[in-house]
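I have placed the structure first, in the form of structure tokens, so that the comments after it can refer back to it.
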């Protein structure tokens, strides 16, 4: 397994004006994950715990015009054609599924998670998340009946503006397609290649490796295991949730969704305590059994860098396809474990 994880430590020397222009040596750790194709530069000398959480009172003005709030939902959100979703919308407990008014894909829906316009990360409950996932599954199953050629699904979350959330009101986005996205396709293809060359399952080997090493292991909730990824895809790191031996969406089952919701709540609460106030989540799943890829979710904390509210994405990510991260995966896992 370690042959997939590469690391090179570089040193940069400067004459530091904050220390009378004495020479200062700064370490840059360049990591690559040959399986996922990811590359990250770990700059721990830049790591500072964010001091403040956002002032939630500033979100109140957006509530009046929010299409997802209950008083506006019926008249401000679109409906599905009856031929696709009878009745035009799907309801599951507190959750409501409506079409994405600005779709990214042929089958792209929004799951409105709660009646509350704003929920801090530590106020999400397993029930809220579970109902949201069940509503998402209902939509995916409706699409499977409508179009039997769809083969891939994802449940996605842009929580708050730093993560691309254009509406404060908590909501997931679902994408169902005949074809996987680029990253999903790579994971499926590499899973097959690993099986063909090693005669084993990559994800089983990864899980065994990480549980023995313990450095990046965070928690287990039933058969869902949460790990810090070796080569994170965000400035504040990345958490991987592996659905052990789960090869299709149907195999997750109600108990699996409950375990995932409980584990996810623990991660969200830890993020909140670390003053991580925004995140992206993507859950990737195959509808048909590929035999080698495991259902999984990735959580990437996001931030605006004070004092100017600078984006946490710069030319390295956009122009070079390499991620700058300011906290090592091992430290991220240790910090989260301490808060559980």
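Reported count of residues in the range 122-148, each being within 14 Å of residue 172 (Cα to Cα) and in a helix (DSSP H, G or I), is 13. Among the residues of the range 236-280, those identified as within 21 Å of residue 312 (Cα to Cα) and part of a loop (DSSP other than H, G, I, E, B) are 236, 237, 238, 274, 275, 276, 277.
A quick yes/no check of all residues on (1) under 30 Å from residue 143 (Cβ atoms); (2) at pLDDT 95 or above:
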{"site": "4", "(1), (2)": "no, yes"}
{"site": "19", "(1), (2)": "no, yes"}
{"site": "42", "(1), (2)": "no, yes"}
{"site": "47", "(1), (2)": "no, no"}
{"site": "55", "(1), (2)": "no, no"}
{"site": "72", "(1), (2)": "yes, yes"}
{"site": "88", "(1), (2)": "yes, yes"}
{"site": "93", "(1), (2)": "yes, yes"}
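Among the residues of the range 63-100, those identified as closer than 21 Å to residue 129 by Cα, assigned to a loop (DSSP other than H, G, I, E, B) and touching a helix residue (DSSP H, G or I) at 6+ places or on another chain (Cβ under 7 Å) are 66, 67, 69, 93, 94. When residue 187 is tested against (1) over 17 Å from the mean Cα position of the chain (by Cα); (2) in contact (Cβ under 8 Å) with a residue 12 or more places away in the chain; (3) assigned to a helix (DSSP H, G or I), only condition (1) is not met. In the range 1-23, how many residues are in a strand (DSSP E or B), surrounded by 14 or more Cβ atoms within 10 Å (Cβ to Cβ) and without any contact (Cβ under 8 Å) to a residue 60 or more places away in the chain? The number of residues fulfilling the criteria is 1.
Let's see how each residue does on (1) at pLDDT 95 or above; (2) touching a helix residue (DSSP H, G or I) at 6+ places or on another chain (Cβ under 7 Å); (3) at negative phi; (4) crowded, with 16+ Cβ neighbours inside 10 Å:
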| position | (1), (2), (3), (4) |
| --- | --- |
| 121 | yes, yes, yes, yes |
| 126 | yes, yes, yes, yes |
| 129 | yes, yes, yes, yes |
| 165 | yes, no, yes, yes |
| 185 | yes, no, yes, no |
| 188 | yes, no, yes, yes |
| 191 | yes, yes, yes, yes |
| 202 | yes, yes, yes, yes |
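Of all the residues in the range 234-268, those that are surrounded by fewer than 20 Cβ atoms within 10 Å (Cβ to Cβ), more than 26 Å from residue 123 (Cβ to Cβ) and out of contact with any helix residue (DSSP H, G or I) (no Cβ under 8 Å at 6 or more places or on another chain) number 4. What do you reckon, is residue 283 part of a strand (DSSP E or B), in contact with a helix residue (DSSP H, G or I) (Cβ under 9 Å, 6 or more places away or on another chain), within 24 Å of residue 31 (Cα to Cα) and at pLDDT 95 or above? Yes; evaluated as a whole, the condition is true for this residue. Find the residue count for the range 145-161, including only residues that are farther than 16 Å from residue 282 by Cα and in contact with a strand residue (DSSP E or B) (Cβ under 8 Å, 6 or more places away or on another chain). Selection size over the range 145-161: 4.
The values are calculated or read from the model by the stated rules, or taken from the named source; none is laboratory data. Everything numeric here is computed off the predicted structure, so don't read it as measured data. With ideal geometry, Cβ positions are generated from the backbone for all residues, glycine too; neighbour counts draw on all protein chains shown.
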